[in-house]
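Participant: Have a look at this one before I ask anything.
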Amino acid sequence: MSTQTNIKVLKNFINGEWIDASPNAKTIPVPNPATEEILAFVPLSTKSDLENAVKAAKNAFTTWSKTPVPKRARILFSYQQLLVEHWDELANLITIENGKSYNEAYGEVQRGIECVEFAAGAPTLMMGKQLPDIATNIESAMYRYPVGVVGGITPFNFPMMVPCWMFPLAIACGNTFILKPSERTPLLANRLAELFTEAGLPKGVFNIVHGAHEIVNELLQNKDVPAISFVGSQPVAEYVYKTASANGKRVQALAGAKNHSIVLQDANLEETVKQIVTAAYGSAGERCMACSVVVAVGDIADPLIEKLKIEADNITIGNGLDEDVFLGPVIRKEHRERTEQYIECGIQEGAILLRDGRNDLIRKEKGYFIGPTIFDNVNPSMKIWKEEIFAPVLSIVRVETLEEAIELTNKSDFGNGACIFTDSASSIRYFRDNIEVGMLGVNIGVPAPMAFFPFSGWKNSFYGDLHANGADGVEFYTRKKMITSRLE
Ligand code: NAD
């Protein structure tokens, strides 16, 4: 049973101990976004808390980095088993602190577990390379070593999956880790640490320091933290990337998105609508791979919109723990208000509001709910097209050709995901080769790559060069040593 998620003020996890943040740390409440019930208070830890964590992680690195790789992997195998055993509990906790439906949360746990499974392959993933005869009697070999203490900073929208993109692989590669979870969804991280400890992870290898931007700034400046993995919104990602690299760190910073789904006239309408509704409104649109713009090509627009509206009307809104609920709340009251401002802005800009989620009845009850919203006749001069709203708001842009659709999509500053719905192989190929986006879907609404492939946004959706997960992740969490030997 968890002891660290059922307490009033959450503790930090440093050197294998659950420790109160320093006495001068303020706390902020963590409400359940569906009920507004206060689940816990999260401390805004201070510089000294972070320094203690860095000290512990640096100490642990000396032995963990030299622990045989298969032994490290074995702990990951045990961890995987524990996560599977606690699947329901973890999904439940995600729904309670984030608000997404239980089904979505259950899927998120799966995505997290897959990262642990990938990381357990460390003995193979960390192998080097060699060439026996680079010159007469001379050979060369490349070895991989861990980097040191890695800092991970994560967003609220995937409290399990996103941290799992980082710490299991970093740790399997021999690094030690300090996680600064989102202060809006901090509970799940504590449970992940408890289970990792149960799996046999030595003290100090995985640490958690709760807090907000102050802890981020300390991580970015600390000389004993050579690598930073960040996932969050675009302005913060850009700031993290610039600051961490100016301080000589390697950094990967995954950022915001504005994902377009292009629908051609030969698309299977039923299936397309199903996929788009899930992609636009699942997790209340709070996904970096959410579909936020539909680009309807030619005559498909009217029948597509009609069906989208019917499906949106049929969505069950409510507490994600209740059966049949598809659309939960957004994360906070302020986020709902911000979304309402975007809706107002879309109206002012001249888009046609086809469905207004502000009117959904559930809004009269407690919780930060907003219903599915659809705008038609959106164009690229509008703020609702340019900016990430991160809520259940879908914009529709009408164009005449696939070329126009791609040109429009490529105008976006973001390049995380894009999808095409069509039956035509040549259109798919044209889309694949000309779209300036890193993760593509063909007749699929949410083309999020699995743990063994890189999560590979482009443009302002990503800062750095090595992406999270897959071979990129291994490359990011290791450094190479070359040895050239004369053997005669
Ligand atoms: P956020 O940027 O507000 O917060 C992310 C992290 O940064 C949190 O831990 C937070 O404490 C910290 N932070 C926030 N403001 C800061 C500041 N001024 N200085 C230093 N640190 C700061 O993001 P969020 O609202 O929690 O998450 C949603 C965002 O994350 C969306 O933009 C979404 O697209 C993005 N996201 C991207 C991906 C991806 O793979 N590209 C995946 C998930 C989420």
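The values are calculated or read from the model by the stated rules, or taken from the named source; none is laboratory data. All of these numbers come straight from a predicted model, not from anything done at the bench. When we count neighbours, we look across all protein chains shown, and the Cβ atoms used for this are built from the backbone with ideal geometry, even at glycine.
Participant: What residue, of Lys386, Lys366, is at pLDDT below 95 and of a type in the set (D, E, K, R)?
Facilitator: Details: Lys386 fails: at pLDDT below 95.
Exactly one residue qualifies, and that residue is Lys366.
Yes/no matrix, rows are residues, columns are (1) under 29 Å from Ser283 (Cβ atoms); (2) in a strand (DSSP E or B); (3) more than 11 Å from the ligand (Cβ to nearest atom):
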position: Phe158; (1), (2), (3): yes, no, no
position: Ile171; (1), (2), (3): yes, no, yes
position: Glu194; (1), (2), (3): yes, no, yes
position: Lys203; (1), (2), (3): no, no, yes
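Participant: Go over the candidates Ala56, Ala34 one by one and state the one that is crowded, with 22+ Cβ neighbours inside 10 Å, small (Gly, Ala, Ser) and more than 22 Å from Ile153 (Cβ to Cβ).
Facilitator: Values: Ala56 fails: more than 22 Å from Ile153 (Cβ to Cβ).
Ala34 is the lone residue from the list that is crowded, with 22+ Cβ neighbours inside 10 Å, small (Gly, Ala, Ser) and more than 22 Å from Ile153 (Cβ to Cβ).
Participant: Please state which of the following conditions Asn416 fails to meet, knowing it meets all the rest: (1) surrounded by fewer than 23 Cβ atoms within 10 Å (Cβ to Cβ); (2) touching a residue at least 40 places away in the same chain (Cβ under 8 Å); (3) among the polar types (S, T, N, Q).
Facilitator: All conditions are met except number (1).
Participant: A further question follows. Tell me which helices (runs of 4 or more DSSP H) are completely within segment 211-317 and hold 3 or more residues being closer than 30 Å to Glu475 by Cα, within 13 Å of the ligand (Cβ to nearest atom) and without any contact (Cβ under 8 Å) to a residue 40 or more places away in the chain, or say none if there are none. It would help to see each step written out before you state the result.
Facilitator: Working: elements: 213-221, 234-246, 269-281, 301-313.
It comes to 213-221, 234-246.
Participant: Follow-up. So which residues in segment 318-334 are more than 16 Å from the ligand (Cβ to nearest atom) and surrounded by fewer than 22 Cβ atoms within 10 Å (Cβ to Cβ), if there are any at all? Before the answer, list the steps.
Facilitator: Let us first name the residues in segment 318-334 that are more than 16 Å from the ligand (Cβ to nearest atom), namely 318-327.
Within segment 318-334, Gly318, Leu321, Asp322, Glu323, Asp324, Val325, Phe326 meet the criteria.
Participant: Turning to a different aspect of this structure: Among the residues of segment 34-54, write down those that are without any contact (Cβ under 8 Å) to a residue 40 or more places away in the chain and of a type outside the set (Asp, Glu). Explain how you work it out, then say what you get.
Facilitator: Taking segment 34-54 as the starting set, the residues that turn out to be without any contact (Cβ under 8 Å) to a residue 40 or more places away in the chain are 37-38, 41, 48, 52.
Result: Ile38, Phe41, Ser48, Asn52.
Participant: In this structure, is Ala189 within 11 Å of the ligand (Cβ to nearest atom), on the phi < 0 side of the Ramachandran plot, at pLDDT 95 or above and not in a loop (DSSP other than H, G, I, E, B)?
Facilitator: Details: within 11 Å of the ligand (Cβ to nearest atom): yes; on the phi < 0 side of the Ramachandran plot: yes; at pLDDT 95 or above: yes; not in a loop (DSSP other than H, G, I, E, B): yes.
So Ala189 fits the description; yes.
Participant: Still on this model: Starting from segment 378-390, take each residue that is of a type outside the set (A, V, I, L, M) and list its partners that are part of a loop (DSSP other than H, G, I, E, B) and within 16 Å of the ligand (Cβ to nearest atom), counting only C-beta distances under 7 angstrom and pairs at least six apart or across chains.
Facilitator: Glu388/Gly256; Glu388/Ala257; Glu388/Lys258; Phe390/Glu286
Participant: Then there's this: Say we look at segment 451-464 and pick out the residues that are farther than 18 Å from Tyr239 by Cβ and assigned to a loop (DSSP other than H, G, I, E, B); which of these is modelled with the lowest pLDDT?
Facilitator: If we filter segment 451-464 for residues that are farther than 18 Å from Tyr239 by Cβ, which is where we start, we get 451-456, 458.
When the remaining residues are screened for being assigned to a loop (DSSP other than H, G, I, E, B), the result is 451-454, 456.
Details: Ala451: 97, Phe452: 96, Phe453: 97, Pro454: 97, Ser456: 91.
By that ranking, first place goes to Ser456.
Participant: Yes or no: segment 26-37 includes at least one residue that is within 23 Å of Ala284 (Cβ to Cβ) and of a type in the set (S, T, N, Q). Before the answer, list the steps.
Facilitator: Pass one, segment 26-37, residues within 23 Å of Ala284 (Cβ to Cβ): 28-37.
Imposing the further condition that a residue be of a type in the set (S, T, N, Q) reduces the set to 32, 35.
Among the residues of segment 26-37, at least one is within 23 Å of Ala284 (Cβ to Cβ) and of a type in the set (S, T, N, Q), which makes the answer yes.
Participant: A further question on this structure: Taking the options Ser22, Ser45, name whichever one is in a loop (DSSP other than H, G, I, E, B) and in contact with an Asp or Glu (Cβ under 7 Å, 6 or more places away or on another chain).
Facilitator: On the way: Ser45 fails: in contact with an Asp or Glu (Cβ under 7 Å, 6 or more places away or on another chain).
The conditions single out Ser22.
Participant: Is it the case that segment 213-229 has a residue that's under 19 Å from the mean Cα position of the chain (by Cα) and either modelled with pLDDT under 95 or over 30 Å from Ala418 (Cα atoms) (or both)? Full working, then the answer.
Facilitator: Step one: list which residues in segment 213-229 are under 19 Å from the mean Cα position of the chain (by Cα), which gives 213, 216, 227-229.
If we keep only those that are either modelled with pLDDT under 95 or over 30 Å from Ala418 (Cα atoms) (or both) too, we end up with 213, 216.
For segment 213-229, residues under 19 Å from the mean Cα position of the chain (by Cα) and either modelled with pLDDT under 95 or over 30 Å from Ala418 (Cα atoms) (or both): present.
Participant: Looking at (1) of a type in the set (Lys, Arg); (2) more than 24 Å from Phe177 (Cβ to Cβ); (3) in contact with a helix residue (DSSP H, G or I) (Cβ under 8 Å, 6 or more places away or on another chain), which is the one condition that is false for Arg72?
Facilitator: (2)
Participant: Being buried (at least 23 other Cβ atoms within 10 Å of the Cβ) and at pLDDT 95 or above narrows it down to one residue among Gly204, Gly200, Gly232; which is it?
Facilitator: The unique qualifying residue is Gly204.
Participant: Quick check, is Ile347 more than 23 Å from Pro186 (Cα to Cα), free of Cβ contacts under 8 Å to residues at least 60 places away in the same chain, out of contact with any Asp or Glu (no Cβ under 6 Å at 6 or more places or on another chain) and surrounded by fewer than 23 Cβ atoms within 10 Å (Cβ to Cβ)?
Facilitator: Working: more than 23 Å from Pro186 (Cα to Cα): yes; free of Cβ contacts under 8 Å to residues at least 60 places away in the same chain: yes; out of contact with any Asp or Glu (no Cβ under 6 Å at 6 or more places or on another chain): yes; surrounded by fewer than 23 Cβ atoms within 10 Å (Cβ to Cβ): yes.
Yes; evaluated as a whole, the condition is true for this residue.
Participant: Take Asp472 and decide whether it is within 16 Å of the ligand (Cβ to nearest atom) and not in a loop (DSSP other than H, G, I, E, B).
Facilitator: On the way: within 16 Å of the ligand (Cβ to nearest atom): yes; not in a loop (DSSP other than H, G, I, E, B): yes.
Spelling it out, Asp472 is indeed within 16 Å of the ligand (Cβ to nearest atom) and not in a loop (DSSP other than H, G, I, E, B).
Participant: Scan segment 443-465 and report the pairs whose first residue is buried (at least 22 other Cβ atoms within 10 Å of the Cβ) and whose second residue is modelled with pLDDT under 95, with Cβ atoms within less than 8 Å and a gap of 6+ or a chain change.
Facilitator: Phe462/Ser456
Participant: Same structure again: Could you tell me how many of the residues in segment 192-238 are farther than 18 Å from Pro146 by Cβ and of a type in the set (Phe, Trp, Tyr)?
Facilitator: The qualifying residues number 1.
Participant: Are there any pairs, at least 6 apart or on different chains, whose C-beta atoms fall under 7 Å, with the first in segment 144-171 and of a type in the set (Ser, Thr, Tyr) and the second part of a helix (DSSP H, G or I), and if so, which?
Facilitator: Listed pairs, sorted by first residue: Thr154/Val162; Thr154/Pro163.
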